[in-house]
Every structure is written in C-alpha cells, then in structure tokens.
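The numbers here are math on the coordinates, done by the rules we state, and not lab data. Only a predicted model underlies this, so the values are computations on that prediction, with no experimental measurement involved. Neighbour counts are summed over all protein chains in view; Cβ atoms, including those assigned to glycine, are modelled from backbone coordinates with ideal geometry.
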Amino acid sequence: MKAGSRPQYYRIRRMVQMVREGAETGYLPNSSDFMREFEVSRRTVARDLDFLRDEERAPLAYDDGRHGFRLTDETYTLPPVRISRKEAFSFGLARNERELENRCERGGSSLTYFYSMRRGLSR
C-alpha cells in the first residue's frame, strides 16, 4: 500500500508508536517526521494530531526544547477499534458464509449451502 494512501487509523497508531520510540531513543518526532513517514501534507498531520488529542484523548504534547512530540502519560494506549452494529453484523455474516463454504467444500451439498445462506439473510 502506498504510504500516502494509508488510512487515518494506521497513521495515528504509527504516530503513537513513533512518539514512544522517540521517548526511548531520545529523538522526539515532529510534524516533518510524520509527513515523511506517511507521505502526507502538513495539514493532514495536523488533523491526525488533533484527532489523537481531541477524539482519542491522547496526552500528546509538543516539547519546544526538544522540537518534537511526547506523551505526558507513558501508560497511554489507544482504545480498541470501534465498529458500528452494521459492521459487526457484516463481520458475523461473512464469518458464517465462510464456514458454510468450508462445509460445502468438504462434501456438503451446494443446495444446503444456498438454503443456509438464505435462512441467515432472512433473520
């Protein structure tokens, strides 16, 4: 995947990782580092940083003396991925479909597979 096309979810996870690595190595990453890493504009980096602070409540601060970002609370972790009910249902349906396909491949009837899928969709 081209770096510039990576979704925000990937970028914010990697940003937190880069900040943690910076705390260990002594080199704190700044906006230019993020721009290079993700091949995105300064504005995109600013939006991602705002998202981290405002939506994910990341204790992220800019250290003027060291010219980079750091976590003010080293125990911070990003919350798990949030998915909607519709997405959860879709994942469940896809899992069930794959399970039925596997049964069919192991000698089950394709007609049984069809009726099972039809029954699952009508729920």
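Here the scattering of segment 3-71 is modelled by Debye summation over its C-alpha atoms, one equal scatterer each and no solvent; at q = 0.17 Å⁻¹ the log10 of I(q)/I(0) is -0.54.
The Cβ shell under 15 Å around Ala61 holds other residues with a net charge of -2, Lys and Arg each +1, Asp and Glu each -1.
Ordering Thr25, Thr75 by the number of other Cβ atoms within 10 Å of each residue's own Cβ, fewest first, gives Thr75, Thr25.
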